[in-house]
Amino acid sequence: MIVKQSTVSNNAYFVIPEDSDDLFTLRRVIEPGDYVIADTTRAVKQEKEYGRPDRGERVKVRLSIKVDRIELDSTVDRLRIAGNITNTDNELVSRGTHHALTVQAGDMITIDKDRKWQEVELKLLRKSGDGSTPFVLVAIDTQEAAVARVTGTHVKVIPNIYSGQSGKRYATSAKGQNLDTFFSDTAKTVASVLGENDRIIIFGPGETRRRFYNALEKNGVPKERARVVDGVDVAGEDGVFVFLRSAQAKEAMGESKLATVSSLLDQVMHMVRKGENRFAMGLKDISAAASAKAVESVVFSDSVFRSADEAEVVKLLNAVEAQGARTYAVDSSTDIGLRVSSLGGMVALLRYALR
C-alpha cells in the first residue's frame, strides 16, 4: 500500500492499494461517514424538450462521496464504496445523488475522516504490505512450466506454458531448439510479472530447473534474483501448489506472509492433535478470546464475510489489532485460504489457554 498524507487536510490520506491484502485493509479502515475522493466515470443523460431522455454517455469525473456502505466484492479483488456525492468537478454531475465507486489494485483514492485518525487505523494503513517480499514461482520440466506470483498471502497463477517436446528421452534434431524456445517463452512470462523487488524461485523434476536458471540471463531476466530449490518434483500448475504446501516453501520464502500463515496453521493443527486449547476457531470463540485479551494472531479468509456480518468481523479484527495481535487475510481461492475456510473462516492462536 502506498500511503501519503494530504497537504490539504491533516485528516486526509492518499492511498494506492497494490494487491488484495491492501483492499482487505481498506475495508477495515473506511467506515460510514468518511469521505472518499476518487476519479471515476458516471453516466450523464441529456434531457430533451420533446421526448424521453437519451441513454446518456459516460464522462470522467473526480468526485467526493460521503460513505454509507462499503463491502468486498465476491471476487475479493474489488472494493465497492457507495454514498452520496458531496463534491464534483463536473457540472453535469449533480451533488446529493448516489454513486458507487469500485476500487481495485492500482487505483488512487483519498480518505478523509473529518476527524483525527485513531492509532490502530494509521497502523493498519502503514503496515499493509510492509515486510512482505513478493515471489515469482516457476515450476518447470521439459514438457510444461507454470509461473505464479505470490504477493502477501495471495497467489496468481498464469496458465501453463507447453514446450511441444515429444517426451522421448533420446536426442532428436529439433529437441534442443524447442527447449531453447520454451525457455525463452517462460522467461518472457517471468519478466512480464516480475516486480522491482520480486525474488524468483525455480523448482521441478530433473535437471530442467537448473538449465532454465542458467538460461535466465540470456533471456533478459536477472539471474542474481533467482534461486533453484530441490525436493519438489512436480511441474506445471500442480507443482506450484505442491511447492506452497512443502517445507521447502517455508525455507525458501523465509518470513513472507504466506510462509508465516502456513506456519500458524500448522501450529494450530498440531495443538488440535495434542489436545491443547491455545487456539480458537470461528467468530464467536475468537470474540470471547478477544474479550479476555488472549489473542496473539488471527488468520481470516474472505469467506467469513459471507457467513457473518461484515461490520462485526471488521470490529473484531480492529479490536485484536489494537490489543497488539497480528492479523492476516487470506483468499479462499488459494489452498491456505481453503484450509482457513474449512475451520470456520477465522483461526486464532492464543497467548494462553482459556479452558
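The numbers here are math on the coordinates, done by the rules we state, and not lab data. Bear in mind that the values here come from a model prediction, so they are computed numbers and not experimental data. Methodologically, a virtual Cβ is constructed for each residue, glycine included, from the backbone with ideal geometry; neighbour enumeration extends over all protein chains shown.
Going through the cross-link list 123/257; 4/66; 66/127; 123/315; 284/315; 293/315, which pairs have a Cα-Cα distance over 23 Å in this structure?
66/127
Under 8 Å for C-alpha pairs, at least 6 residues apart: give me the relative contact order for segment 257-350, rounded to a whole percent.
42
Measure off 7 Å from each Cα along the Cα-to-Cβ vector at residue 123 and residue 351, then give the distance between these two points in nanometres to one decimal.
Here the modelled spin labels are 1.2 nm apart.
Could you please state, rounded to a whole Å, how far the C-alpha centre of segment 2-26 is from the C-alpha centre of segment 230-278?
Using only Cα atoms, the two centres lie 31 Å from each other.
Could you tell me how many degrees, from 0 to 90 and to the nearest 10, lie between the Cα long axis of helix 310-322 and the main elongation axis, the longest principal axis, of the Cα atoms of the chain?
Value to nearest ten degrees: 70.
Pick out which of 236, 345, 106 has the largest mean-square fluctuation in a Gaussian network model of the chain, springs linking Cα atoms closer than 10 Å.
Sorting by GNM fluctuation, first place goes to 106.
Mind checking which of 298, 155, 242 has the largest fluctuation in a GNM of the chain, springs on alpha carbons under 10 Å?
Comparing 298, 155, 242 in a Gaussian network model of the chain, the most mobile one is 242.
Tell me the label only: which of [x] 28; [y] 37; [z] 40 is percent of Cα pairs over 40 Å apart as calculated from this structure?
Of the listed options [x] 28; [y] 37; [z] 40, [x] comes from this structure.
Can you list residues whose amide H is under 5 Å from residue 144's amide H, if they're 5+ apart or on another chain and H is modeled 1.01 Å from N?
Placed amide hydrogens put 163 under 5 Å from residue 144.
Report relative contact order for segment 2-127 in percent, whole number only (criteria: Cα-Cα under 8 Å, sequence separation at least 6).
Across segment 2-127, relative contact order equals 32 percent.
Longest segment of the chain with no GluC sites (Glu not before Pro) in a DSSP loop having at most 16 other Cβ atoms within 10 Å?
Looking at the chain, 92-195 is the longest stretch - no exposed GluC sites (Glu not before Pro) with at most 16 other Cβ atoms within 10 Å.
Rounded to the nearest 5, what is the percent of antiparallel bridges among the DSSP beta bridges in segment 257-350?
60
Taking amide hydrogens as modeled 1.01 Å from N in the peptide plane, which residues meet the under 5 Å criterion relative to residue 350, leaving out close sequence neighbours?
Counting only residues 5 or more places away or on other chains, the set is 279, 280, 296.
First select every other residue whose beta carbon is under 10 angstrom from the beta carbon of residue 206; then total the charges, Lys and Arg +1, Asp and Glu -1.
Residues close to residue 206 contribute a combined charge of 0.
Convert each backbone phi in segment 61-70 into a coupling constant with the Karplus relation 6.51 cos²θ - 1.76 cosθ + 1.60 (shift: θ = phi - 60°), then list the ³J(HN,Hα) values in order as whole Hz, x for Gly and Pro.
8, 9, 9, 10, 10, 8, 5, 10, 8, 9
Antiparallel DSSP bridges in segment 135-252: what percent, to the nearest 5? All intermediate terms of the calculation are to be shown ahead of the outcome.
Values: 13 of 21 bridges.
For segment 135-252, the DSSP antiparallel bridge percentage is about 60.
Top mean-square fluctuation among 179, 79, 26, Gaussian network model of the chain, C-alpha springs under 10 Å?
Largest GNM mean-square fluctuation: 179.
Between residue 90 and residue 225, what is the label-point separation in nm under the 7 Å Cα-to-beta-carbon projection?
Distance between the two pseudo-spin positions: 3.7 nm.
Given H placed on each backbone N at 1.01 Å, which residues far from residue 328 in sequence or on other chains put an amide H within less than 5 Å of it?
Amide H to amide H, under 5 Å and 5 or more residues apart or across chains, residue 328 pairs with 298, 299, 300.
Separation between the residue 2 and residue 270 pseudo-spin-labels, each 7 Å from Cα along Cα→Cβ, expressed in nm?
According to this spin-label approximation, the distance is 4.1 nm.
Between residue 292 and residue 211, how high is the FRET efficiency from 1/(1 + (r/R0)^6) when r is the Cβ-Cβ distance and R₀ = 45 Å? Nearest 0.05.
Taking R0 as 45 Å, the efficiency between residue 292 and residue 211 is 0.20.
So for the chain, taking the charge dipole from beta-carbon charges (+1 Lys/Arg, -1 Asp/Glu), which of 184, 231, 140 sits furthest toward the positive end?
With unit charges placed on the Cβ atoms, the residue in question is 231.
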